[in-house]
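Q: There's a structure below that I have some questions on.
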Amino acid sequence: MLVLQVASLVLVAMGATAVILTRNPLRQSLSMSLYGLLLTLMFFLFQAPDVALAQIAVGAVALPLMILLALSKVKQNERDAAYARQRDEKASQGERRDKPSSRKGQE
Amino acid sequence: MNARARLLVFALGALLLGGAYMAALSQLAPLGRGASAYADILNRVCVRERHITDVVTAVNFDYRGFDTLGEEFIMFTAVMGAVLLLRRGKDEVQAPQEDELTSRRGRRRSDAVALAGVVFTAVLLLFGSYVITHGQLTPGGGFQGGVIASTALWLVYLSGSYKVMRQVGPKPLVEAAEALGAAGYALVGLIGLFQGAAFLQNTLPPGSIGSPFSGGTVPLIDIAVGLEVSGGFVLLLLTFMEEVLEIRLH
């Protein structure tokens with residue numbers, strides 16, 4: 001039992017370091033999910049099954065999922081903003097072609 | 001703040017935290033021994049006094065039931081806060097029905113994923129209900145079971161679609177479950193008051209040891225917390241999914 005406990009502690013320490021060293025947020029959400037599983041194993045081996053049951057659902061599934069959804073929203077907003085910029089640029093170019101005289105007058 | 005000043009602040013903080021941490025570690029009891037006197041007493045009297053075989057649940061929902069009521073409302077408030085923050089802003093509009101993310105860029109879901117999802121949705125629901133209703137007997141309880149049961153709906157999305165998920169878990173129902181659960185815990189506390197005892201005091205008959213109906217008020221609180229937690233987690237997921245799939249910048 002003690003060997004397993006020590007092994008789980010080492011795995012958790014290595015897993016936490018791996019999560020920190022993963023710099024890409026998308027990959028980090030996956031490495032954190034694995035880290036959640038390692039924590040679950042550790043809680044179980046230290047005879048805390050009540051905590052392990054909560055950890056396996058929250059740490060391995062819920063938290064990474066929330067991060068994935070948040071990342072997806074950030075990307076979507078960036079795409080939408082880029083699209084809106086393009087649209088505005090096109091519109092202003094069209095305006096310039098339509099009324100060259102009025103623009104000249106302003107200048 | 002330049003790099004050197006930052007490093008100095010970090011070094012100071014790390015030194016203080018590290019010192020305090022080491023001092024705390026040196027005071028720890030050796031591994032596997034040295035449980036507190038309180039733990040020893042509870043381990044001895046819990047089964048005899050309350051007919052509850054999972055002492056952790058007995059501490060959470062009975063001996064320290066009032067503290068857990070506060071914790072339950074922390075979670076309730078946290079979920080409400082997230083929902084409030086993610087409400088629709090003035091610069092946001094409803095996304096078109098056929099969003100590219102809704103149809104996952106037109107790719108079909110594999111039959112294997114769909115089948116596994118259907119099977120495990122049932123398994124997770126059943127296991128979640130089991131963990132909720134057997135909190136006083138085996139490890140687990142309302143919180144753990146609630147979280148496990150809530151993952152069932154996420155599988156509905158994975159194996160079905162966003163639309164099916166919204167049909168299976170309509171928002172009003174989810175909100176009602178969360179509110180009922182949160183209120184239910186406090187209402188169970190009133191049972192003690194009506195019987196002339198303290199708030200949340202376990203005054204119901206303890207039942208026979210090992211039976212699903214043993215433990216007095218504890219199974220009732222388990223069910224209330226199970227409703228609150230599964231409702232809260234599902235509401236959080238629905239709100240996040242809505243934000244990604246239904247709401248776009250103007």
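Q: Can we say B:Ala3 is surrounded by 11 or more Cβ atoms within 10 Å (Cβ to Cβ) and at pLDDT 85 or above? If you could, list the steps in order and put the result at the bottom.
A: On the way: surrounded by 11 or more Cβ atoms within 10 Å (Cβ to Cβ): no; at pLDDT 85 or above: yes.
No.
Q: Any residue at all in segment A:25-36 that's within 22 Å of B:Gly142 (Cα to Cα) and among the hydrophobic types (A, V, I, L, M, F, W, C)? Working first, answer last.
A: As a first pass, look at segment A:25-36 and keep what is within 22 Å of B:Gly142 (Cα to Cα): A:36.
Keeping just the survivors that are among the hydrophobic types (A, V, I, L, M, F, W, C) gives none.
For segment A:25-36, residues within 22 Å of B:Gly142 (Cα to Cα) and among the hydrophobic types (A, V, I, L, M, F, W, C): absent.
Q: Among (1) over 30 Å from B:Leu69 (Cα atoms); (2) assigned to a helix (DSSP H, G or I), there is one condition B:Met1 misses while meeting the rest; what is its number?
A: Here B:Met1 clears every test but (2).
Q: Surrounded by fewer than 21 Cβ atoms within 10 Å (Cβ to Cβ), away from every other protein chain (no Cβ under 14 Å) and either part of a helix (DSSP H, G or I) or β-branched (Val, Ile, Thr) (or both), is that true of B:Ala198?
A: Working: surrounded by fewer than 21 Cβ atoms within 10 Å (Cβ to Cβ): yes; away from every other protein chain (no Cβ under 14 Å): yes; either part of a helix (DSSP H, G or I) or β-branched (Val, Ile, Thr) (or both): no.
Spelling it out, it is not the case that B:Ala198 is surrounded by fewer than 21 Cβ atoms within 10 Å (Cβ to Cβ), away from every other protein chain (no Cβ under 14 Å) and either part of a helix (DSSP H, G or I) or β-branched (Val, Ile, Thr) (or both).
Q: Moving on to the next point. Suppose we filter segment A:10-53 for residues that are among the acidic types (Asp, Glu) and at pLDDT 95 or above; how many remain?
A: Result for segment A:10-53: 0.
Q: Pull up segment A:69-82, narrow it to residues that are more than 9 Å from chain B (Cβ to nearest Cβ) and within 28 Å of A:Leu39 (Cβ to Cβ), then point me to the one that is modelled with the lowest pLDDT. Step through it out loud before you land on a result.
A: Our first condition is that a residue be more than 9 Å from chain B (Cβ to nearest Cβ); within segment A:69-82, this holds for A:71, A:74-75, A:78-79, A:82.
Remaining after also requiring within 28 Å of A:Leu39 (Cβ to Cβ): A:71, A:74.
Numbers: A:Leu71: 93, A:Val74: 90.
Per the criteria, the residue is A:Val74.
Q: Checking the condition of a type in the set (Gly, Ala, Ser), over 30 Å from B:Gly215 (Cβ atoms) and either part of a helix (DSSP H, G or I) or in contact with a Leu (Cβ under 8 Å, 6 or more places away or on another chain) (or both), which residue from B:Gly70, B:Gly13, B:Gly89 passes?
A: So the residue among B:Gly70, B:Gly13, B:Gly89 that is of a type in the set (Gly, Ala, Ser), over 30 Å from B:Gly215 (Cβ atoms) and either part of a helix (DSSP H, G or I) or in contact with a Leu (Cβ under 8 Å, 6 or more places away or on another chain) (or both) is B:Gly13.
Q: Within segment A:1-64, which helices (runs of 4 or more DSSP H) (wholly inside it) include 1 or more residues that are within 12 Å of chain B (Cβ to nearest Cβ) and among the hydroxyl-bearing types (Ser, Thr, Tyr)?
A: On the way: elements: A:2-21, A:25-45, A:49-57.
Passing ranges, in order: A:25-45.
The values are calculated or read from the model by the stated rules, or taken from the named source; none is laboratory data. Note that this is a predicted model, so its numbers are computed, not measured. Don't worry about glycine lacking a Cβ; one is built from the backbone with ideal geometry, like all the others, and counts go over all protein chains shown.
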